[in-house]
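Worksheet: the structure to be examined is printed underneath.
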Amino acid sequence: MKSCNSDCCVPCEADIVAIVDKCGRTECNLIPILHELQRSFGYISDEAMETVAAELGITVSQVHGTATFYTLLYTRPQGKNIIKICDSPPCHLQGSKAIQAAITKALGIEPGETTLDGNFTFEVVSCMGLCGVAPAIMVNDDVYGNLTAEAIPEILDKYAACSCCCGEGC
Amino acid sequence: MDNINVSIDGIQVSIPKGSTVLDAARAAGIYIPTLCHMDGHKPLGACRVCLVEIEGGRGALQASCSFPAADGMVVRTNSRRVHNARKAVVELMLSAHRQDCNACNRTLNCELQDIAKRLGIRENRFEGEMPPRIMDTSSPSIVRDSSKCILCRRCVEVCQNVQTVGTLFAVDRGFDTVIAPTAKKELTEAVCVACGQCVLACPVGALYEKSHIDRVWEAIDDPDKHVIVQTAPAVRVAIGEEFGLPAGSRVTKKMVAGLRRIGFDKVFDTDFTADLTILEEGTEFLGRLKNNGTLPMLTSCSPGWINFIEYFYPELLPNLSTCKSPQQMFGALAKTYYAEKMGVKPEDIYSVSIMPCTAKKLEAGREEMSVVNGLHDVDAVLTTREAAQMMREAGVDFVNLPDEPFDEPLGIATGAAVIFGATGGVMEAALRTVYEVVTGETLENVNFEAVRGLEGVKEAVVKIGDIEAKVAVASGLSNARKLMDLIMEGKADYHFIEIMCCPGGCLGGGGQPIPTNDEVRKARMEAIYAEDEGLPIRKSHENPAIRTLYEEFLGEPNSHKAHQLLHTHYTPKALWPTDVPLDEVKTK
Ligand code: SF4
Ligand code: SF4
Ligand code: SF4
Ligand code: FES
């Protein structure tokens with residue numbers, strides 16, 4: 001099978017096989033492979049999981065079970081920007097619930113959801129190791145700590161989709 | 001091998017290096033509760049009820065099922081600290097468990113209930129949120145109830161590694177974890193061969209067979225129905241366990257009496273059509289040998305295996321014998337030959353089978369399994385466990401039942417048919433007949449020891465006249481897979497292969513009494529061969545009722561009529577059907 005050369009974001013089988021080859025064709029490389037798939041395609045599709053399973057000679061349920069175990073791996077398309085809020089005890093005690101409510105208010109989505117324009121996905125995660133600056137969120141790879149609910153709109157504005165006329169989300 | 005010395009609760013034991021603390025405790029005769037542990041499998045370490053204290057360790061309690069024992073180690077299994085920790089583990093499990101023991105199919109045979117009792121749990125200390133209940137009743141064979149699941153993963157181990165089907169795995173994490181097919185699909189949307197090995201593995205009531213008990217009671221209570229029952233070979237050496245008898249108790253005639261007590265009009269034997277299978281399959285095999293047909297020929301009596309090959313090796317379907325399984329041959333004859341003989345209309349016959357198997361339920365429902373006017377050949381399939389349950393409901397005192405014989409003529413069978421219940425039995429039965437048919441000589445020693453026993457793959461070369469027949473036998477689908485891979489790679493020069501879906505053959509089927517483990521399998525296997533030895537006729541072609549059946553009805557083996565009634569065809573199935581949407585992910 002051959003890569004289709006188009007710019008589509010759907011992984012072709014050949015692309016997935018290439019990733020498997022790059023990471024190493026053994027079961028113990030499953031997690032690096034899943035990471036790489038996500039880096040390349042934003043999420044790990046059902047088709048990608050089936051191909052990986054076939055390539056590694058393991059079952060699809062095993063690949064899917066592994067992918068769904070890790071909160072940082074996505075099996076569904078995600079928004080352009082991913083907001084993660086920690087709700088482990090340190091953040092919880094420091095008021096993460098209020099931060100969560102502020103995000104929901106600003107974007108109109110609950111944790112686990114994606115905005116209609118596909119710009120934001122919002123999710124609750126376990127400890128991100130940011131207890132020192134609790135309550136904390138991450139937007140993509142950026143860390144925001146010592147948060148108050150008031151600080152949220154300004155932070156989110158930085159990632160807002162452009163509202164110009166091009167429709168490309170530039 | 002080197003031994004190490006370990007002290008457990010003050011008892012000194014010497015055990016081989018590489019043993020776990022649990023092994024050591026067992027050697028010392030000390031009971032440690034376990035839930036996720038399965039003998040003969042690598043430790044899963046999932047449940048934590050097997051905690052023990054290791055002196056001089058880091059202080060944390062350790063899971064004895066996976067903790068390696070070391071020389072000089074001092075272990076305590078019965079301190080207050082250990083007891084309280086185990087108790088808390090089980091109490092937490094129960095806090096997310098739908099505790100309706102009285103309505104649960106596993107009550108009084110439940111490992112969780114047993115451990116809760118041993119630990120003295122009397123109240124629900126931790127009441128809280130329950131995970132949502134997922135009831136999957138989609139499969140004709142297996143029911144999944146997540147509200148009973150304790151996430152021990154024993155079913156996963158069996159489904160992934162023993163059967164290599166890979167249906168079940170843990171999906172999501174933490175409180176949201178469910179043991180389910182990929183993406184929480186239902187069993188019928190996933191690839192499941194309905195073998196029921198997961199049911200045998202489950203310590204609790206989270207996996208069980210789809211019950212046919214109600215429909216059978218209904219038929220028995222209907223005065224217009226002539227209700228007949230057939231019993232598979234492996235049931236008679238296992239059903240006693242349901243009534244407290246030791247594994248391997250031979251209770252064939254009590255079973256017959258018990259089935260009469262609950263109201264079946266005739267009690268027949270699947271062994272009758274097992275003998276018939278040998279004549280049909282043996283003839284088919286000789287035909288393939290003579291006419292350069294597709295070899296190796298693969299046996300077709302195990303419906304879980306049929307599902308497996310349809311999914312995983314569709315290229316090899318031409319190798320599969322076209323013979324229906326004995327259950328389905330019986331069903332086909334019940335509504336034709338037997339109906340005619342008795343002068344009963346086929347639609348008034350209700351045909352029930354008692355099977356050691358959950359896949360037989362699926363098989364009976366296959367649309368090609370109908371020879372008369374769209375009627376099912378087999379109307380209901382009860383597992384060994386369900387048959388015992390019906391006897392219990394009817395107040396049958398099984399242990400004290402008198403011995404009673406099967407009804408005639410569909411209850412007449414040979415020793416060759418009984419051994420169908422053990423891995424290697426179909427092969428041995430076939431060899432007994434094929435040898436005599438080909439050579440015209442009498443087989444002096446009918447025992448083919450090389451194909452007996454619990455090993456996963458067995459091979460033998462048998463000289464039949466001037467043919468050197470190379471045969472192989474596999475039980476458990478991981479072993480079947482090994483042989484199929486060899487065939488696919490062109491590395492197998494066998495003539496004939498017997499495959500049974502379940503480890504040990506039908507005696508270890510997914511519908512058998514729980515527990516079914518290697519020790520139990522062995523005992524049932526011994527009983528099967530003892531039944532064979534005890535029968536006056538031990539070769540299928542000498543069964544007088546089968547001879548009459550051919551004379552009166554079928555003509556000869558593989559005749560046109562035999563083909564119409566007793567043979568079938570197979571359909572390749574798609575793997576990993578992706579057209580089914582994954583679980584809903586909320587998107588706004
Ligand atoms: S699984 Fe066991 S503990 Fe749970 S309800 Fe059933 S019998 Fe009771
Ligand atoms: S019935 Fe067999 S194939 Fe199906 S889930 Fe259970 S173990 Fe797996
Ligand atoms: S279904 Fe049964 S065997 Fe499987 S994880 Fe749950 S409790 Fe364990
Ligand atoms: S039996 Fe040891 S962790 Fe389950």
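The values are calculated or read from the model by the stated rules, or taken from the named source; none is laboratory data. Quick caveat: nothing in here was measured; it's all calculated off a predicted structure. Here Cβ is always computed from backbone atoms with ideal geometry, including for glycine, and neighbour counts include all displayed protein chains. We work out accessible area using only protein heavy atoms, side chains counted, and drop any ligands, DNA or RNA first. Shrake-Rupley method; radii C 1.70, N 1.55, O 1.52, S 1.80 Å.
Sorted by mean Cβ packing within 10 Å, highest first, what order do the peptides B:323-332, B:538-547 take?
B:323-332, B:538-547
Can you give me the Kirkwood hydrodynamic radius for the range B:202-255, using every pair of distinct Cα atoms, in Å to one decimal? The partial results should precede the final answer.
Working: mean 1/r = 0.0729 Å⁻¹.
One decimal place: 13.7 Å for the Kirkwood radius.
As a test of the definition: with a 1.4 Å probe, what buried accessible area, both sides summed, do you compute for B against A, in Å² to the nearest 100? Could the numbers behind the result be given before it?
Values: alone 24370 and 9580 Å², together 32160 Å².
Using a 1.4 Å probe, the pair buries roughly 1800 Å².
Given N residues in the range B:452-521, what is its alpha carbon radius of gyration divided by 2.2 N^0.38 Å?
Normalised Cα radius of gyration, the range B:452-521: 1.26.
Within 10 Å of each Cβ of B:360-367, how many other protein chain Cβ atoms are there on average?
0
Which of the residues in the range B:151-181 show a loss of at least 20 Å² in accessible area from their chain by itself to the complete set of protein chains, at a probe of 1.4 Å?
Residues shielded by partner chains are B:Gln160, B:Phe169, B:Val171, B:Asp172, B:Arg173.
Do any of A:Lys22/A:Lys84; A:Lys105/A:Lys158; B:Lys185/B:Lys361; B:Lys324/B:Lys561; B:Lys335/B:Lys573 go past 24 Å between their Cα atoms, and which? Display every interim value, and only then the final one.
Values: A:Lys22/A:Lys84 29 Å; A:Lys105/A:Lys158 17 Å; B:Lys185/B:Lys361 21 Å; B:Lys324/B:Lys561 14 Å; B:Lys335/B:Lys573 29 Å.
Beyond 24 Å between Cα atoms: A:Lys22/A:Lys84; B:Lys335/B:Lys573.
For the range B:158-269, what is the Kirkwood hydrodynamic radius in Å, using each pair of distinct C-alpha atoms?
17.2
Let me know the whole percent of all Cα-Cα pairs from the range B:94-209 that are separated by more than 22 Å.
Tail of the P(r) past 22 Å holds 31 percent of the pairs.
Give me a single rounded figure for A:55-61: the average over its residues of other chain Cβ atoms within 10 Å of their Cβ.
Details: counts 0, 0, 0, 2, 11, 11, 18.
Mean number of neighbouring Cβ atoms from other chains: 6.
Please report the antiparallel percentage of DSSP beta bridges with both residues in chain B, rounded to the nearest 5. Let's see the in-between values first.
Working: 28 of 52 bridges.
The answer is about 55 percent antiparallel.
Counting only complete DSSP H runs, which helices of chain B cover 15 Å or more along their long axis at the Cα atoms and score a mean Kyte-Doolittle of 0.5 or above?
B:425-439
Note down the net charge around B:Ala527, summing +1 for each Lys or Arg and -1 for each Asp or Glu among other residues with Cβ under 9 Å from its Cβ.
Here the count lands on +1.
Averaged over its residues, how many other protein chain Cβ atoms are within 10 Å of peptide A:39-49's Cβ atoms?
Across A:39-49, the average partner-chain Cβ count within 10 Å equals 1.
Mind listing P(r) for the range B:272-319? All alpha-carbon pairs, 5 Å bins, whole percents.
Pair shares across the bins are 5, 20, 25, 21, 20, 9, 1.
Collect residues whose amide H, placed 1.01 Å from N in the peptide plane, falls under 5 Å from the amide H of B:Ile464; neighbours closer than 5 in sequence don't count.
B:Ala469
What part of the accessible area of chain B, given as a whole %, is carbon or sulfur when the probe is 1.4 angstrom?
50
Just add up the charged neighbours of B:Ala388: K/R +1, D/E -1, any other residue whose Cβ is under 14 Å from the Cβ of B:Ala388.
On the way: positive: B:Arg106, B:Arg236, B:Lys254, B:Arg261, B:Arg385, B:Arg392; negative: B:Glu209, B:Glu241, B:Glu242, B:Glu386, B:Glu393, B:Asp397.
Net local charge, B:Ala388 excluded: 0.
Report D for chain B in µm² per second (integer): Stokes-Einstein, Kirkwood Rh on Cα pairs, 37 °C, 0.692 mPa s.
130
For chain A, what does the relative contact order come out to in percent, with C-alpha contacts under 8 Å and a separation of six or more?
Computed value for chain A: 17 percent relative contact order.
Give me Rg over Rh for the range B:3-78, both radii from the alpha carbons and Rh done the Kirkwood way, two decimal places. Display every interim value, and only then the final one.
On the way: Rg = 11.1 Å, Rh = 12.1 Å.
Expressed as Rg/Rh, it is 0.92.
Find the Cα radius of gyration of the range B:225-566, compare it with 2.2 N^0.38 Å by division, and give the number to two decimals.
That ratio works out to 0.92.
Hey, can you rank B:552-560, B:277-285, B:139-147, B:55-63 by average C-beta count inside 10 Å, highest first?
With the highest mean Cβ count within 10 Å placed first, the list reads B:277-285, B:139-147, B:552-560, B:55-63.
How big, in percent, is the set of alpha carbon pairs in the range A:30-105 lying more than 16 Å apart?
57
Write down the radius of gyration of the range A:13-69 and its Dmax, each obtained from C-alpha positions, in Å.
Rg, Dmax (Cα atoms, Å): 9.6, 26.
Ignoring ligands, DNA and RNA, what accessible area per residue does the protein assembly as shown give at 1.4 Å, in Å²?
42
Rounded to the nearest 500 deg cm²/dmol, what is the calculated helix-only ellipticity per residue at 222 nm for chain A, with -39500 (n - 2.57) per DSSP H run of length n ≥ 4?
Details: 7 runs with 67 residues, N = 170.
For chain A, the value works out to -11500 deg cm²/dmol.
Taking loop as defined by DSSP and a crowding limit of 14 other beta carbons within 10 Å, which GluC sites (Glu not before Pro) in the range B:303-372 fit? All intermediate terms of the calculation are to be shown ahead of the outcome.
Working: sites: B:Glu310, B:Glu315, B:Glu340, B:Glu347, B:Glu363, B:Glu367, B:Glu368; in loops: B:Glu367, B:Glu368.
Filter output for the range B:303-372: B:Glu367, B:Glu368.
Scattering from the C-alpha atoms of the protein assembly as shown alone, worked out with Debye: what is log10 I(q)/I(0) at q = 0.05, 0.06, 0.09, 0.10 1/Å?
Once normalised to I(0) and log-transformed, intensities are -0.32, -0.45, -0.93, -1.09.
For chain A, what Kirkwood radius comes out of the mean inverse Cα-Cα distance, in Å?
For chain A, the Kirkwood estimate is 17.6 Å.
Can you list the aspartates and glutamates whose alpha carbon sits under 19 Å from that of B:Lys117, skipping same-chain ones fewer than 8 residues off?
Within the straight-line limit of under 19 Å, B:Lys117 reaches these aspartates and glutamates: B:Glu91, B:Asp100, B:Glu127.
Rg to Rh for the range A:81-157: what is it, with Cα atoms only and Rh by Kirkwood?
Details: Rg = 11.1 Å, Rh = 12.0 Å.
So for the range A:81-157, dividing Rg by the Kirkwood Rh gives 0.92.
Can you tally the net charge around B:Gly415? Count Lys and Arg as +1, Asp and Glu as -1, for every other residue whose Cβ sits under 11 Å from the Cβ of B:Gly415.
Values: positive: B:Arg432, B:Arg538, B:Lys539; negative: B:Asp271, B:Asp275, B:Glu428, B:Glu531, B:Asp532, B:Glu533, B:Glu542.
Net local charge, B:Gly415 excluded: -4.
Sorted by packing (mean other beta-carbon atoms within 10 Å per residue), highest first, where do B:126-137, B:224-235 land?
So the peptides B:126-137, B:224-235, ranked by packing, come out B:224-235, B:126-137.
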